[in-house]
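A.B. asks: So that we are looking at the same thing, I have put the structure below in structure tokens.
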Amino acid sequence: ICVEGTFAHLSSPVVVVSSPMKRTLETAIEIGRALDAEVEVIEELREISFGDWDGHTHEEVVAERSDVFAAWQGSWDIAPPNGESLKDFDTRIQKAKAAILSRHAGASVVVVAHVMPIRGFLRDALDAGTAAYWRPQISPCSISIVRFWGDQAAEIVTMNSTSHLV
């Protein structure tokens, strides 16, 4: 982890928080080693469950159940079959955010998560609605930095930065 360059002005992270999913946990462990920081797993940071749709393309789902897919698309309340609604997912992600802020108030924390949890943190920082889950591009291995002042305020420092990837 480079302490020079674009993010050098930020305080050094005290902990790496991770989703329990294998690919994120492996990344979190490597970041923790590089920072000499502990890794903490928060169950609520796992990716949204698309239920029966996990592992399928949009085209496959539409071909099988276009009516259900159309009802789900952009909905806050409708979940994929055996999956999670955006409303339930958001509740889970905001619980994870509250736990991080409570345990590590005033500290810099690295959160290693997935596209939808990152979008959830960004949506909250923007005080935005449902559409904020679908609008930002979040690339693999990208860095998004958000400063939270409890529940009072937030500032997005950077979103989807990939300048560190060569």
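A.B. asks: Restricting attention to region 134-155, and to residues there that are of a type in the set (A, V, I, L, M, F, W, C) and closer than 25 Å to residue 23 by Cα, which single residue is surrounded by the fewest Cβ atoms within 10 Å (Cβ to Cβ)?
C.D. replies: From region 134-155, those of a type in the set (A, V, I, L, M, F, W, C) are 134, 138, 141, 143, 145-146, 148-149, 153-154; that's our starting set.
Now restrict to residues that are closer than 25 Å to residue 23 by Cα: 134, 138, 141, 143, 145-146.
Numbers: 134: 12, 138: 16, 141: 8, 143: 18, 145: 15, 146: 18.
Within region 134-155, the match that is surrounded by the fewest Cβ atoms within 10 Å (Cβ to Cβ) is 141.
A.B. asks: Given the conditions (1) at pLDDT 95 or above; (2) more than 22 Å from residue 104 (Cβ to Cβ), and given that residue 39 satisfies all but one, which numbered condition is not satisfied?
C.D. replies: With respect to (1) at pLDDT 95 or above; (2) more than 22 Å from residue 104 (Cβ to Cβ), residue 39 is out only on (2).
A.B. asks: Any residue in region 147-166 that is closer than 13 Å to residue 10 by Cβ sitting within a Cβ distance under 9 Å of a residue that is open to solvent by 90 Å² or more (accessible area, probe 1.4 Å) and assigned to a strand (DSSP E or B)? List the pairs, counting only those 6 or more apart or interchain.
C.D. replies: Cβ pairs passing all conditions: 155/149.
A.B. asks: May I pose another question? Only one of these conditions is not met by residue 162: (1) surrounded by 14 or more Cβ atoms within 10 Å (Cβ to Cβ); (2) closer than 26 Å to residue 25 by Cα. Which number is it?
C.D. replies: The failed condition is (1).
A.B. asks: Continuing with this model, one more query. Does region 112-121 contain any residue that is part of a loop (DSSP other than H, G, I, E, B) and more than 19 Å from residue 46 (Cβ to Cβ)? Spell out how you get there, then give the answer.
C.D. replies: Going residue by residue through region 112-121, those that are part of a loop (DSSP other than H, G, I, E, B) are 113-114.
If we keep only those that are more than 19 Å from residue 46 (Cβ to Cβ) too, we end up with none.
Checked against the condition, which is being part of a loop (DSSP other than H, G, I, E, B) and more than 19 Å from residue 46 (Cβ to Cβ), region 112-121 yields no hits at all.
A.B. asks: In addition: Among the listed residues 105, 128, 132, which satisfies the condition of being out of contact with any strand residue (DSSP E or B) (no Cβ under 7 Å at 6 or more places or on another chain) and not in a loop (DSSP other than H, G, I, E, B)?
C.D. replies: Numbers: 105 fails: not in a loop (DSSP other than H, G, I, E, B); 128 fails: not in a loop (DSSP other than H, G, I, E, B).
Being out of contact with any strand residue (DSSP E or B) (no Cβ under 7 Å at 6 or more places or on another chain) and not in a loop (DSSP other than H, G, I, E, B) holds for just one of 105, 128, 132, which is 132.
A.B. asks: Shifting gears a bit: For residue 132, all conditions in the list (1) modelled with pLDDT of 95 or more; (2) of a type outside the set (Lys, Arg); (3) touching a helix residue (DSSP H, G or I) at 6+ places or on another chain (Cβ under 6 Å) hold save one; what is the number of the exception?
C.D. replies: (1)
A.B. asks: Restricted to region 60-83, and to residues that are at pLDDT 95 or above and acidic (Asp, Glu), which residue is farthest from residue 129 (Cα to Cα)?
C.D. replies: 60
A.B. asks: Of the numbered conditions (1) open to solvent by less than 30 Å² (accessible area, probe 1.4 Å); (2) in contact with a Leu (Cβ under 6 Å, 6 or more places away or on another chain), residue 76 satisfies every one except a single condition; which is it?
C.D. replies: Going through (1) open to solvent by less than 30 Å² (accessible area, probe 1.4 Å); (2) in contact with a Leu (Cβ under 6 Å, 6 or more places away or on another chain) one by one, residue 76 breaks only (1).
A.B. asks: Okay, next question. Search region 25-45 for residues that are of a type in the set (Gly, Ala, Ser) and pair each with any residue that is assigned to a helix (DSSP H, G or I) when their beta-carbon atoms are under 8 Å apart and the residues are at least 6 apart or on different chains.
C.D. replies: 37/31
A.B. asks: Could you grab me the full set of residues in region 46-59 that are without any contact (Cβ under 8 Å) to a residue 12 or more places away in the chain and surrounded by 12 or more Cβ atoms within 10 Å (Cβ to Cβ)? Show your work before the answer.
C.D. replies: Our first condition is that a residue be without any contact (Cβ under 8 Å) to a residue 12 or more places away in the chain; within region 46-59, this holds for 55-59.
The one that is without any contact (Cβ under 8 Å) to a residue 12 or more places away in the chain and surrounded by 12 or more Cβ atoms within 10 Å (Cβ to Cβ): 56.
A.B. asks: Select from region 79-102 the residues that are in a loop (DSSP other than H, G, I, E, B) and open to solvent by 40 Å² or more (accessible area, probe 1.4 Å) and list them in ascending order.
C.D. replies: So the first thing to find is which residues in region 79-102 are in a loop (DSSP other than H, G, I, E, B), and the list is 79-85.
Result: 81, 82.
A.B. asks: Please verify whether residue 33 is at pLDDT below 95 and either under 14 Å from residue 113 (Cβ atoms) or not in a loop (DSSP other than H, G, I, E, B) (or both), treating the condition exactly as stated. Steps first, please.
C.D. replies: Working: at pLDDT below 95: no; either under 14 Å from residue 113 (Cβ atoms) or not in a loop (DSSP other than H, G, I, E, B) (or both): yes.
Judged against the criteria, residue 33 is not a match.
A.B. asks: Just one of (1) farther than 23 Å from residue 130 by Cα; (2) open to solvent by less than 70 Å² (accessible area, probe 1.4 Å) trips up residue 14, so point out which.
C.D. replies: Status for residue 14: all satisfied but (2).
The values are calculated or read from the model by the stated rules, or taken from the named source; none is laboratory data. Please read these numbers as outputs of a predicted model, since none were measured by experiment. Glycine gets a Cβ as well: all are built from the backbone with ideal geometry, and neighbour counts include every protein chain shown. For the accessible areas, the whole protein counts, side chains as well, though only heavy atoms, and no ligand, DNA or RNA atoms are used. Shrake-Rupley method; radii C 1.70, N 1.55, O 1.52, S 1.80 Å.
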